[in-house]
1. Quote to one decimal, in nm, the extra length available between D317 and R31 on full extension: 0.36 nm per residue of separation minus the C-alpha distance between them.
2. Which value results when the Cα radius of gyration for region 243-303 is divided by 2.2 N^0.38 Å?
3. When N counts the residues of region 245-371, how does its alpha-carbon radius of gyration compare numerically with 2.2 N^0.38 Å, as a ratio?
4. Please list the three semi-axes, largest first and in whole Å, of the ellipsoid equivalent to region 18-258, using sqrt of 5 times the eigenvalues of its alpha carbon gyration tensor.
5. Only Cα pairs under 8 Å and at least 6 apart count here; give the relative contact order of the chain as a rounded whole percent.
6. How far apart, in nanometres, would the label points at V325 and H120 be if each is projected 7 angstrom from Cα along the Cα-to-Cβ direction?
7. Over region 18-258, average the accessible area per residue using a 1.4 Å probe and give it in Å², no decimals.
8. For the chain, what is the calculated [θ] at 222 nm in deg cm²/dmol (nearest 500), taking -39500 (n - 2.57) for each run of four or more DSSP H residues and dividing by its residue count?
Amino acid sequence: MSPKDPYLLTPGPLTTSAETKKAMLRDWGSRDEAFIEINAQVRRRLVGIAGGQGSHVCVPLQGSGTFIVEAALGTLIGRRDKALVLINGAYGRRMTKILDYMGRAYVSLETPEDTPPDAHDMEKILAADPGITHVLAVHCETTSGILNPIEDIAKAAAARGRRLIIDAMSSFGAVEINVGELRCEAVMASSNKCLEGAPGFGFAIIDEKSLSARQGAAHSLSLDLYDQWTVMEKTRQWRFTPPTHVIAAFHEALNQFDAEGGVQGRNVRYSGNCLILVEGMRAMGFKTLLPDELQAPIIVTFHTPADPKFDFRAFYDSLNARGYVIYPGKLTQADSFRIGCIGCLGAPEIKGALKAIRETLEEMGVKETAP
Ligand SMILES: *Cc1c(COP(=O)(O)O)cnc(C)c1O
């Protein structure tokens, strides 16, 4: 990494390793046999990480994470279907917006941003409305950093025979998810979060039987995952221009992921980052939005200090000048800011960020960091 590259303590794109960046220094033809093999391997490895061997397939798609969410919902939720959307942040809400665009029916169960959905409440809604075919959930709601109780949600959906679709964008690769055990129809994630690749594509791990029945169901050609899947199976190629450099880099990033010990290894490093960050910030007087037991080791939300000398824009700019980029705005209802603990970062970088924060507060003359 060049010494001028800042560390990204954000929800993505994230800091990637030098090896991952180097893997992009080659132009691939989309029909190049070596590229085709890399693509096939990436798809196989992702099914393995999701625990979907023998039952699920991996369908990658160009674009940011929202594109694969929209594609999965559009392909899997039919015109006569109805979804129950569990909302406790911006990404749950975004799924309802997608359903609005597609004209698909849904109801939602909304809880405050620091409160996970209750599986009993969910079961009551499912029991009362047999028309609901799908449950849509977000694993880590990146708005606040809350980890939603995906096993309980999956059990409740399965008990009522409803299909479960999970947006695991910000947790996939760092928090265990097993589509086989959860009996989950589809899980979506992207190249540029916990698997530490460059941004450029998303992927869905989809139950093969379900997907096989979805020919002609999608509302959009470019977002049709049935078509993307069947064409890729038949030709081993992407339907439209593939993000070749990003896939090559992702393949390299997966090698590092395996070397680190897979999901478990990554979870250990991110949990360590999260702990150092939270303890360091608390030592300065900051308060987290979430209690520790609801906190995913992905991104942490802190209340904005009450001290009138605290100015978020100046705080952000000062950290930036010191080489640490935090998320530039707030998504939560509470007055807050967020610092990520994912990406190619470890204890030295998190400690460096804490030092930059201490220096910045001193420079700003902020004494009262409590909300
Ligand atoms: C990042 C993220 C997305 C996708 O966002 P994009 O900006 O489209 O990449 C979707 N859901 C969650 C939970 C996320 O964290």
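1. Details: separation 286, 0.36 × 286 = 102.96 nm, distance 4.43 nm.
Once the chain is fully extended between D317 and R31, it gains 98.5 nm.
2. Numbers: Rg = 15.5 Å, N = 61, 2.2 N^0.38 = 10.5 Å.
My calculation over the Cα atoms of region 243-303 gives 1.47.
3. Working: Rg = 15.8 Å, N = 127, 2.2 N^0.38 = 13.9 Å.
For region 245-371, the normalised Cα radius of gyration comes out at 1.14.
4. Values: eigenvalues 181, 74, 45 Å².
Equivalent ellipsoid of region 18-258: 30, 19, 15 Å, largest first.
5. Values: 738 pairs, mean separation 90.7, N = 371.
Once normalised by length, the contact order is 24 percent.
6. Between V325 and H120, the simple spin-label model gives 4.6 nm.
7. It amounts to 39 Å² per residue over region 18-258.
8. Numbers: 13 runs with 153 residues, N = 371.
For the chain, the value works out to -12500 deg cm²/dmol.
The values are calculated or read from the model by the stated rules, or taken from the named source; none is laboratory data. Bear in mind the structure is a predicted one, so any value in this text is a computation, not a measurement. All Cβ positions, even for glycine, are placed from backbone atoms using ideal geometry, and neighbour counts span all protein chains on display. Protein only, heavy atoms only, side chains kept; ligands, DNA and RNA dropped before computing areas. Shrake-Rupley method; radii C 1.70, N 1.55, O 1.52, S 1.80 Å.
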